[in-house]
Each structure stands twice: as C-alpha cells, then as structure tokens.
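S.K.: Below is the structure I would like to discuss, written out as structure tokens.
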Amino acid sequence: MTTAQLLTLSHPCLGRCGVTYRLAMPTESQLSDTALRTFIAQRLDEGRLPLVLTKTIGVGFGSGAECLACGQTITTDQIEYQAFGPKYGAALRLHWGCHVLWQLECVKRTRPHS
Ligand SMILES: [Zn+2]
C-alpha cells in the first residue's frame, strides 16, 4: 500500500477534499484517466451511474465484482469502495480510483454555475 493510499484511507474526510483527491491519483483502472473520465461521464448521461455525492463509503479489498464505473473486475489486490448514496440501497461497488473520478464528475455537474 502506498503512502497516498494510506493518507486517503485514514483522512477524516474520506477523500472528499481536494488535497486527498490529488494524492489519490492515479486510478487503479486499466484505462487512462482521460478515457475513464469520458466513460464515467457517458454512464452518468445514460443513467447507469447515479448523480449523487456518496454519504457513506465502505473500503475493502476487491471481491471480484464488476466496477460500476469502468466495467472491469475489481480484483482482490485492488481497493474496492462500496458507496452508499442518499437512498441507502445496495452498495455501489467501484475501484477506489473510479470512485474518485465519479465523485469529481458529480461535483462538477451538481455545482451551481456562477
Ligand atoms: Zn473501475
């Protein structure tokens, strides 16, 4: 585990501040950041990913589930985020890095234009 990962995991804001977001790069997905951002934006457009800021996050190692953001398997040596939105339904499973990009996109889209 890298220092950046430890910082992110132990940070009281659970990676929601800008500082840890920058530390959290790069993502764990096989895709490049740019490709992944485009992919996540598409899934948000299609409604496959919800436009929510997660309230509760569980962190663990991958369970072999498919990442909701990039569609790739979250392997047992990768960090898996289980995100719960306002509705508290089933957890959304994403790579740690994919979760960061997804939340950044949600923040961008929900922030009022000024
Ligand atoms: Zn992913």
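S.K.: Quick one: which residues, 5 or more positions from V59 or on another chain, have an amide H under 5 Å from its amide H? H modelled 1.01 Å from N in the peptide plane, none for Pro or chain starts.
M.R.: It is Q82, by chain and number.
S.K.: Of F84, F61, how do they rank once you tally other Cβ atoms within 10 Å and put the fewest first?
M.R.: F61, F84
S.K.: Here's something else I'd like to know. How large is ³J(HN,Hα), in whole Hz, for each residue of region 95-111 in order, when computed from phi with the Karplus curve 6.51 cos²θ - 1.76 cosθ + 1.60 and θ = phi - 60°, using x for Gly and Pro?
M.R.: Taking θ as phi minus 60°, the curve returns 4, 4, x, 5, 4, 4, 5, 4, 5, 4, 5, 5, 4, 4, 7, 8, 5 Hz for region 95-111.
S.K.: How large is ³J(HN,Hα), in whole Hz, for each residue of region 32-42 in order, when computed from phi with the Karplus curve 6.51 cos²θ - 1.76 cosθ + 1.60 and θ = phi - 60°, using x for Gly and Pro?
M.R.: 6, 3, 5, 4, 5, 4, 4, 4, 5, 4, 4
Quick note: the coordinates plus some simple rules give every number you see, no bench work behind them. If you're wondering where the values come from, they're calculated on a predicted model, not measured in any experiment. Virtual Cβ from ideal backbone geometry, glycine too; neighbours counted across all protein chains shown.
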